[in-house]
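The values are calculated or read from the model by the stated rules, or taken from the named source; none is laboratory data. Owing to the predicted nature of the structure, the values given are computational and were not obtained by experimental measurement. Cβ sites come from the backbone with ideal geometry, for glycine too, and all protein chains shown count toward neighbours. Calculation scope for accessible area: heavy atoms of the full protein, side chains included, ligands and nucleic acids excluded. Shrake-Rupley method; radii C 1.70, N 1.55, O 1.52, S 1.80 Å.
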Amino acid sequence: MSHHDSGELHVAGTATYLDDIAVPANTLHCAPVLSRHAHAGLGAIDLDALRACPGVVEVLTAADIPGKNDVSPIAGDDPLFADGEVIYEGQQIAAVVATSRLAALEAARSAVVDYQPRPAVISLADAIAANQLIQAPYRMSAGDAESAIAQAAHALDGSFELGGQDHFYLEGQAALALPGEQGAIEVVSSTQHPTEVQHVVARVLGVADHLIDVAVRRLGGGFGGKETQGNYPAAVAALAAQRLGVPVKYVMDRDDDMRMTGKRHDFRIDYRVGFDDRGRILGLAMTHHVRCGNSMDLSSAIADRAMFHADNAYHIENLCVDSLRYRTHTVSATAFRGFGGPQGMVGMERVIDQVAHHLQIDPLAVRLCNAYRDGPTPGQRTHYGMNVNDGVIQALMQQLATDSDYVQRRAAINRHNETGPMIRRGIALTPVKFGISFTTTHLNQAGALVHIYSDGSIQVNHGGIEMGQGLYTKIRQIAADALAIDPARIRLTRTQTDKVPNTSATAASSGADMNGMAVANACHTLRRRLTDFIAATDGCQADQVEWAGDRICTPAGERGFADWVQAAYLGRISLSATGFYATPDIHWDRDKADGRPFYYFAYGAAVTEAWVDTLTGESRLVRADLLHDVGRSLNPAIDLGQIEGGYVQGAGWLTCEELVWTESGRLATHAPSTYKVPCASDRPLRMNASIYGPGCNRELTIKRSKAVGEPPLMLGISAWLALSHALEGSGRDYPGLDAPATPERLLNCWLR
């Protein structure tokens, strides 16, 4: 089964998303009243005028919350409605509930709110200058970086800025709340984390978790933006449904969504590096300045992961990473595919690139010189104390360099650029080493529920969320393999908190790893149960029962799977089982900054060739060659799609996706007209993606596969550095290109 579980439905336009669900005739609709100031005291809201608007049934504010005014994931600092103060432009002050979505939106836009403006800190630079920290500084280190830098033959220092990114999922944030009996509410939510929505809604309503059921069938994209940000519409819809006793739907307008919800964290990275004549890094000290926005959200774990990946694919014995997390009066930054890892890797790749430029040698030589050795290597530890014993990056980079003709192409590009052309060319090869697991250890667990019906058909439920990445397809394959049956027998039902409780978010690239194992464990329980029944029925030993190709054989003969299921049902054998999985062998002591936070690493590398017009700053990605390690692939077609899509999203972040806030704190890039996401025409003219051939996970994952959700995004770093290479030239200083590499930045960098 190579095709996507919902592929035909997607193409036909019949896949059901939240806004496609038929709702009762009495369903009401919500729209938010948003702050027009980044920081201000909040005075009166003219609620009477709002209620008088056509179609308006109710207006909800903080005073209407029976529980806690808090939708935060951890820190308790994200109010559902502003109360006494607004702390970013776009913050939700109230919600209008009306008979139609249009009526709710029109009323919300006409709200009259009394503000008392206060000083606001908007930019990361201003937050750094004010030392406005949201969390205490944090350090990870190994060896003595300062001493190693001081003693090195060469030393460099630098600083660059790295922008954020909007998720721009095709389906916006949305929720539907359906009141039930005895105070129960069913919430259909476009979320990556149903259990968190359950907890948050219960907290806001002041009820126990068991009264809230959350269901999700599929998302129209998530990329981390629906891990915590879906809490807002779900809580508002549920609050209105509880208060009014009717179904309530909240589908965010795109402009409201972009103003209200979090983005990828933007960074400023400062560094000092010492190295030898070969480019071997002897000591490296880095400081991550992180803009977290107005609240904590998941910033602590995200900034930590940026530190975990500050080494990327390189073994640096003397490495010190400091992280400073800042509060600003802007929307709270949140999870985004890679969860801080991309920012950490970009910093490391920038250092490698500048070292190579200083020594006037090929950056690939510097990368290979510093890269972790392949295979088990005693004493090869990260700066947070984890042994790296599963390396393949040396062989992978060398294979990619050969397959893409990197060396010959770079030489030809350098010769071309020496002629001083208007169109300059660049090429870069960059690797990826990405740790797989939640670094918050208790989140590394998953559950499943599998039913076999008496006709031999099967229903599978698990805690993972399908958001286009093919998780349901892989889960169906896993279940079919475990029971040795035709996948057509299996139906995957929507994820529901009343079927599988206490689920973790579908995040950290762990969806297939953890939920696949949980489903496999449930299926193996059923298989053992049926095997024992069959052996007893046919008078043989359990090891004489053979399962294959939808049939089950014993010494007494062969029968179809469905026949044996019917017999087991008549024999009163339980045909339902739960499954559970907890990732083994991981631990993390944050106070000591030491441990094994990841179960394993996923590896990859990319070569990108780009052109830059030095008169206009316009650029073009010409060719990309991608080679990625997915272990023993569960589904090569889906994995290749993730590799290609991840690369394009990463390249978009670093080349064209620019978030702009005005001095007053208003997000200027709040719609497709002002925010540039990559189009089909922006992908490289030639794109070659391959799965690394010898792949096999050393750890006992499902079928020895490796996660493929987040790691490919970092392949896009090669696009940014290819543009940087295009700006280099004989006798020129290192370009020092910031990201995203928009035409303005490229042109200004060239003209410096």
* Structure fact -> The one condition N69 fails out of (1) within 18 Å of D256 (Cβ to Cβ); (2) open to solvent by 10 Å² or more (accessible area, probe 1.4 Å) is (1)
* **Of all residues making up segment 95-139, the number that are in contact with a His (Cβ under 7 Å, 6 or more places away or on another chain), surrounded by fewer than 20 Cβ atoms within 10 Å (Cβ to Cβ) and more than 30 Å from F160 (Cβ to Cβ)** => 5
* Structure fact -> Pairs returned, first residue in segment 117-142 that is in a strand (DSSP E or B), second residue that is of a type in the set (F, W, Y), beta-carbon separation under 8 angstrom, 6 or more apart or interchain, are L133/Y326; M140/F308; M140/Y384; A142/Y384
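Answer yes or no as to whether G604 is at pLDDT 95 or above and either assigned to a helix (DSSP H, G or I) or among the β-branched types (V, I, T) (or both).
Values: at pLDDT 95 or above: yes; either assigned to a helix (DSSP H, G or I) or among the β-branched types (V, I, T) (or both): no.
So G604 does not fit the description; no.
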* segment 458-478 residues that are closer than 20 Å to Q173 by Cα, paired with ones that are open to solvent by 10 Å² or more (accessible area, probe 1.4 Å) and modelled with pLDDT under 95 (beta carbon under 8 Å, 6 or more apart) -> E466/D5
* H670, sole failed condition from (1) open to solvent by 30 Å² or more (accessible area, probe 1.4 Å); (2) modelled with pLDDT of 95 or more; (3) more than 23 Å from I87 (Cβ to Cβ) -> (3)
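Only one residue in V97, V23, V59 is without any contact (Cβ under 8 Å) to a residue 60 or more places away in the chain and in contact with a strand residue (DSSP E or B) (Cβ under 7 Å, 6 or more places away or on another chain), so which one is that?
On the way: V97 fails: without any contact (Cβ under 8 Å) to a residue 60 or more places away in the chain; V23 fails: without any contact (Cβ under 8 Å) to a residue 60 or more places away in the chain.
None of the others qualify; the one that does is V59.
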* Structure fact -> Apart from one, (1) within 26 Å of the chain's Cα centre (by Cα); (2) outside any loop (DSSP other than H, G, I, E, B) all hold for V622; the odd one out is (1)
* Residue tally, condition touching a Leu at 6+ places or on another chain (Cβ under 9 Å), assigned to a strand (DSSP E or B) and either over 30 Å from G90 (Cα atoms) or open to solvent by 10 Å² or more (accessible area, probe 1.4 Å) (or both), over segment 315-355 -> 5
* Identity of the residue in segment 237-265, in a loop (DSSP other than H, G, I, E, B) and of a type in the set (G, A, S), that ends up surrounded by the fewest Cβ atoms within 10 Å (Cβ to Cβ) -> G245
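What residue, of D390, D362, D374, D405, is open to solvent by 10 Å² or more (accessible area, probe 1.4 Å), in contact (Cβ under 8 Å) with a residue 24 or more places away in the chain and farther than 29 Å from R268 by Cβ? Let's see the steps before the verdict.
Working: D362 fails: farther than 29 Å from R268 by Cβ; D374 fails: in contact (Cβ under 8 Å) with a residue 24 or more places away in the chain; D405 fails: in contact (Cβ under 8 Å) with a residue 24 or more places away in the chain.
One residue alone meets the criteria, D390.
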* Would you kindly identify the strands (runs of 3 or more DSSP E) lying entirely within segment 9-82 that contain at least 1 residues that are more than 14 Å from V113 (Cα to Cα)? => 28-34, 56-60
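A quick yes/no check of all residues on (1) touching a residue at least 12 places away in the same chain (Cβ under 8 Å); (2) within 23 Å of M260 (Cα to Cα):
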{"site": "D48", "(1), (2)": "no, no"}
{"site": "A75", "(1), (2)": "yes, yes"}
{"site": "G84", "(1), (2)": "yes, yes"}
{"site": "G90", "(1), (2)": "yes, yes"}
{"site": "I93", "(1), (2)": "yes, yes"}
{"site": "E106", "(1), (2)": "yes, yes"}
{"site": "D144", "(1), (2)": "yes, no"}
